Every structure is written in structure tokens, then in C-alpha cells.
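Notes follow the structure.
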Amino acid sequence: FLEAQKLLMDLDALDDKGRITDEGRAIRALPLPPRLARMVIDAAREGEARLAADIALLVTERGLGGDAVDLTHRLDNLHRDRSRRAEEARRMAARWAVSAGGQREARGDSGVLSPGAILSLAYPDRIARSRGSGGSFLLANGRGASVDPASSLAREPFLAVAELTGAAAQSRILLAAPISLAEIEQRFADRIEQRDEITVDSASLALRARKSRRLGAVVLSEQIVQVSPNEDTARRLARAVASAGLQKLPWTDSLLQWRDRVAFLRRAEGDEWPDLSDAALAAKVDEWLAPLLVDKVSISALSADELRTAITNLLPWNLRRRLDVEAPTHFEAPTGTRAAIDYTAEAGPSIAIRVQELFGLDRHPSIADGRVPLVVELLSPANRPVQVTRDLPGFWRGSYQAVKAEMKGRYPRHPWPDDPMTAPATRRAKPRSS
């Protein structure tokens, strides 16, 4: 009941209080479904009552005019048909036309409305636009529909559809007629919506702006325009980055390591250190990323320096000095070599360094005020892995002797002292004369 009442209100047959209007009385006077009665009455006002009545006849009387999908072909067949049924049907349609024309004075010249334009008066929600190929169309009500790709209708940009069958997602069109864009714009100017849309291209993470004119779900025209970035577009762009993945941002190796250092101290010392994981950052892009994008239309315009500033500002001032002290970027060997600390290693913060550069070191390298020993990957003079240890003094006292024996044979020009804890660290080979 409610759906039928809404339809009658849409047809101006009932007012907003559910009372019948003058239009409703005119519709009720015609022995047709409300949509078709409304169509015949509206067409009569422009001198096309008879054509509209013939169209209503074809929609309501199965078999008349044949079974062509194109309404214009059925109209031609109806007008040529000399059978008794067709003659009686045409007389009935003529009575409808006279009745509809009697309600209002007709105006305009005959022939101003095409069959498609007339059909659209009954079914404005079924105006359809081609999706580009294969006879596929999108209706104003959001429904998908198609015609046989071999049909001439498949090549039309717009259709007015009277009958469909099948599921809403992809129906089959049983009866329709071409309608021009100009006719749609003329007949439904009050229903056409002007819309400004800004979207984010998922591949390039760039803003795209379009002005469009729509009849329901059908886009009548569309124009790409320049984006004017603002706080709203910045939030959209930031959220698109969160969805696509923060790896799309211009991270540098040093900034990634900075985050890894903070994450290490959070694991080691607790929630005093902020959560800067991808998940945590993605959840708060409105707060830290969007402000960087207020004047930008693409992520490609964001610099690595801007990103570094925004990320490092997430660490409170009182923790910044502690970060450098407790989770340094490098370990400095006795030789002065600075070995980068890998905070993402599965075994824990790690360094890789040649054995000889640690000679003379009697304490194991550590971070976090000595609480966390580094995982040390000892390398040969050729930078090949020799051994991994968390106890350098224990290595000197133990398995170093076996390593020394092997290394002497492979690298005889390099020093391999008997007591590495008292020997000077070096990164050089012995002189040739030695």
C-alpha cells in the first residue's frame, strides 16, 4: 500500500496528505495503470495524445505490434496491422486520446515528442545510459540491464525502458525506445542534479575532481575540473593512503630505522613510548598526515623531509634524547667504524662487523643503558659471516681459537692474535714485509 501511495504522490495524483488531486482525477478517468495514464495526459498537453495512447496500448496489450524490443518497430507493426483485434485496439486507444485531450487543452505541434520521450514520461526512473559496449545499460533507478548486442538499440547512448525481466543487477530489456540527451534535459530539468565530486585515484593516490549532471544513477554529462585542495580533501587523501598502505609514503631508510628504534624501546620499556606501527599510524592519519596535505592534490607532492618532521613530532620531547642514548642508530667499534644497528632482526637488535675491528673489546656491545646486548654477527676480512654471538668476551675465551686457526689459513696477511682482548683493533692487513 505504501509503495502504491508513494507512486501516486510522485505522479501528483495525491497530495502530501494523501488526498486525490485534480491530476489524480484525470488519471483515474483513464482505464490505464497510473504511470501510463499520466503519460497519455502529459503527452496530450503537447498534442501527442494519440501516439501516447498507442504506446500505452502496446505496453498493456501483449502480442500487439509483435515482440520486437524496439518500441518504434512495434508502433510501425501496429499501424500496419489490419486484423480485427488491431482495429478494435486502435479505436480503444483513440478513445483514451480523446479522453486525455479533453482534460486539458492541447498545445504545441504534433510530432514534437519522440516515442522514447513519451515513454519516459511514464518511466523516468527507467531512463538508461549505455555503459559503452555489449548492449549493457545503467538505469536511473540504479538497476543494470542489457539488450541483445545485435540490436540497433545496443548502439544508442540513451534509452527509455518500459519493460524488464530478470534480477535487478543485470536485467534483460524487453521493450524500450531511443531518447536523446536533449529530450532528457528538456523533460526532466527539475530532476537533474548538479554534482561536484572529488575522488582519490587508488593507483596514483591523487585527487580527481569532476562536475557531473545526473538523473538518478545516470550520468548525463561529466567534466574533469581542477582540484582546489583544502582540509576536507586532505582528510580524504590521508584516508586513502591509510587504505592503500603507508608504504606509499616517501619513507627514507633513516626514518624507517627511527621508527624501528622507537618500536624497540616500546617493547623493552613499555607504553611510555608511542605506538608508531603501521596500524597505529593508519588509525590516526587525520591527526598527523592530513595537516601535511592541506595544500596538496597528490601524495607525490609530499616530500621526505615533510614526512620525517611529522613522524618525529609524534615522539614527545622528553623521549627524543633518550632515544638517541638508549637506541642509537649505530654501534661505534674501537676502530671508529660505525656499524648500523638493525632493529628489525628476528633475533633482536643486531650489527654485522669484521672480527678484527673488535679486538681489545672486553665488554659485549649493548644498548638501552646496557640492558640489551646486541646480536653481533662477526665477519671475516672478506665480510663473510663467521659466527654470531651475544657474549663477545665468552667468544674471545672460547671458540675464537678455532676461528683463528681457520682464518689464519684463509687470510694469512691479517692479524690473528692469541689474546684478542689485549690486541689492538684494526681494519687493515699486515704490511707485506711482515
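Look at segment 277-289: where a residue is closer than 14 Å to ALA234 by Cα and a partner is of a type in the set (A, V, I, L, M, F, W, C) and in a helix (DSSP H, G or I), sitting 6+ places away or on another chain with Cβ atoms under 6 Å, you get VAL285/ALA238; VAL285/ALA242; TRP288/ALA310; LEU289/ALA238. Within segment 169-185, does at least one residue satisfy the condition of being among the basic types (Lys, Arg) and surrounded by 14 or more Cβ atoms within 10 Å (Cβ to Cβ)? Yes: segment 169-185 contains one or more residues that are among the basic types (Lys, Arg) and surrounded by 14 or more Cβ atoms within 10 Å (Cβ to Cβ).
Filtered by the rule that a residue be in contact with a Phe, Trp or Tyr (Cβ under 8 Å, 6 or more places away or on another chain), within 23 Å of VAL375 (Cβ to Cβ) and surrounded by fewer than 17 Cβ atoms within 10 Å (Cβ to Cβ), segment 395-422 gives LYS404, MET421.
Going by what's in this entry, would LEU159 be described as assigned to a strand (DSSP E or B), in contact (Cβ under 8 Å) with a residue 40 or more places away in the chain and buried (at least 16 other Cβ atoms within 10 Å of the Cβ)? Here the answer is yes, as LEU159 does meet what is asked.
Segment 337-434 holds strands (runs of 3 or more DSSP E) entirely within its bounds, and those carrying 2 or more residues that are free of Cβ contacts under 8 Å to residues at least 40 places away in the same chain and under 19 Å from ALA268 (Cβ atoms) map to 350-354, 375-379. Scanning segment 264-277 for residues that are open to solvent by less than 40 Å² (accessible area, probe 1.4 Å) and not in a loop (DSSP other than H, G, I, E, B) yields PHE264, LEU265. Applying the selection to segment 162-213, what residues are part of a strand (DSSP E or B) and touching a residue at least 60 places away in the same chain (Cβ under 8 Å)? The answer is ALA162, GLU163, ILE173, LEU174, LEU175, ALA176, ALA177, PRO178, ALA206, LEU207.
The residue pairs whose first member lies in segment 69-85 and is over 19 Å from ALA154 (Cβ atoms), whose second member is small (Gly, Ala, Ser) and assigned to a helix (DSSP H, G or I), and whose beta carbons are closer than 7 Å, counting only pairs six or more residues apart or on different chains, are LEU78/ALA86. Which one is surrounded by the most Cβ atoms within 10 Å (Cβ to Cβ), of the residues in segment 288-303 that are closer than 14 Å to LEU246 by Cβ and out of contact with any Leu (no Cβ under 7 Å at 6 or more places or on another chain)? Step by step, filter segment 288-303, then rank; the result is LEU289.
Output the residue which, of all residues in segment 192-221 that are among the acidic types (Asp, Glu) and within 19 Å of the chain's Cα centre (by Cα), is most open to solvent (accessible area, probe 1.4 Å). Here the answer is ASP196.
The values are calculated or read from the model by the stated rules, or taken from the named source; none is laboratory data. Remember, predicted model here, so these are calculated numbers, not experimental data. Cβ atoms come from the backbone with ideal geometry, glycine included; neighbour counts cover every protein chain shown. Ligands, DNA and RNA are excluded from the accessible area calculation, which covers all protein heavy atoms including side chains. Shrake-Rupley method; radii C 1.70, N 1.55, O 1.52, S 1.80 Å.
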